[in-house]
1. Within the range A:70-113, can you find the residues that are touching a helix residue (DSSP H, G or I) at 6+ places or on another chain (Cβ under 8 Å), of a type outside the set (A, V, I, L, M) and surrounded by 19 or more Cβ atoms within 10 Å (Cβ to Cβ)?
2. Kindly indicate whether A:A29 is surrounded by 19 or more Cβ atoms within 10 Å (Cβ to Cβ) and within 13 Å of another protein chain (Cβ to nearest Cβ).
3. With (1) touching a Ser or Thr at 6+ places or on another chain (Cβ under 6 Å); (2) more than 13 Å from every other protein chain (Cβ to nearest Cβ) as the list, and A:G53 as the residue in question, which single condition is left unmet?
4. Restricted to the range B:13-48, and to residues that are away from chain A (no Cβ under 13 Å) and within 18 Å of B:V88 (Cβ to Cβ), which residue is farthest from the chain's Cα centre (by Cα)?
5. Hey, could you check the range B:74-89 for residues that are within 11 Å of the chain's Cα centre (by Cα) and surrounded by 16 or more Cβ atoms within 10 Å (Cβ to Cβ) and say which is nearest to B:V4 (Cα to Cα)?
6. Evaluate the following for A:S3: is it under 30 Å from B:H47 (Cβ atoms), within 14 Å of another protein chain (Cβ to nearest Cβ) and loosely packed, with under 14 Cβ neighbours inside 10 Å?
7. Taking A:L44, is it within 13 Å of chain B (Cβ to nearest Cβ), free of Cβ contacts under 8 Å to residues at least 60 places away in the same chain and crowded, with 21+ Cβ neighbours inside 10 Å?
8. Scan the range B:52-61 residue by residue and report those that are on the phi < 0 side of the Ramachandran plot and either over 13 Å from the mean Cα position of the chain (by Cα) or acidic (D, E) (or both).
Amino acid sequence: AQSVTQPDIHITVSEGASLELRCNYSYGATPYLFWYVQSPGQGLQLLLKYFSGDTLVQGIKGFEAEFKRSQSSFNLRKPSVHWSDAAEYFCAVGTQGGSEKLVFGKGTKLTVNP
Amino acid sequence: NAGVTQTPKFQVLKTGQSMTLQCAQDMNHEYMSWYRQDPGMGLRLIHYSVGAGITDQGEVPNGYNVSRSTTEDFPLRLLSAAPSQTSVYFCASSRAQGYEQYFGPGTRLTVT
């Protein structure tokens, strides 16, 4: 079965600074990979997904993520953070063909300082 | 499309009471699931369904029942509420279990 780790529980950045949230997965083949965002009091919203092809994936709200097979990583990036990006971010991993349930990481909480 | 809807948004129960959390989706998704979210624990899968008439247990199923009589609806029943079931509950749906899931807005449940 696949697994996913988000090493950082909490990250604080200043508004306008760049952001990288880490996600590492364990799976024997090419996985399906997802990033979700959860604003306070809200449900989870899909930011972006990777199934195959180009390893750099663009998402909503100016986010992107890069799949690196050699590092088993799918890190989320944004060049310039806005105060409204303060939220909790979840990485999730699925398997090719959708044969297994998604496994979610425990999340990284992002605080944005003015 | 309304997507995934959940009712109620908030609920307070006394220990021992029962209730049903409602979940509906209008995307014709086969796969539906229930999660609970607690601080520091991430999302934990309670029950899931791969289609109408088919349900199975997830990671933390004790104290909860589900049924799936239609593609659209997937209610979660708390049989006898306990304070340990105080949590935020999310329903999600997707076209299949390994694909992107779409989440409802959540139900915040407090058991006293």
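Each reported figure results from applying straightforward, stated rules to the coordinates on display, with no laboratory input. Just so you know, these numbers come straight off a predicted model, no measurement behind them. Neighbour counts are summed over all protein chains in view; Cβ atoms, including those assigned to glycine, are modelled from backbone coordinates with ideal geometry.
1. Those that are touching a helix residue (DSSP H, G or I) at 6+ places or on another chain (Cβ under 8 Å), of a type outside the set (A, V, I, L, M) and surrounded by 19 or more Cβ atoms within 10 Å (Cβ to Cβ): A:K78, A:D85.
2. No.
3. Answer for A:G53: the failing condition is (1).
4. Among residues in the range B:13-48 that are away from chain A (no Cβ under 13 Å) and within 18 Å of B:V88 (Cβ to Cβ), the one farthest from the chain's Cα centre (by Cα) is B:L13.
5. That would be B:F74.
6. Against the criterion (under 30 Å from B:H47 (Cβ atoms), within 14 Å of another protein chain (Cβ to nearest Cβ) and loosely packed, with under 14 Cβ neighbours inside 10 Å), A:S3 qualifies.
7. Against the criterion (within 13 Å of chain B (Cβ to nearest Cβ), free of Cβ contacts under 8 Å to residues at least 60 places away in the same chain and crowded, with 21+ Cβ neighbours inside 10 Å), A:L44 qualifies.
8. Within the range B:52-61, B:A52, B:I54, B:D56, B:E59 meet the criteria.
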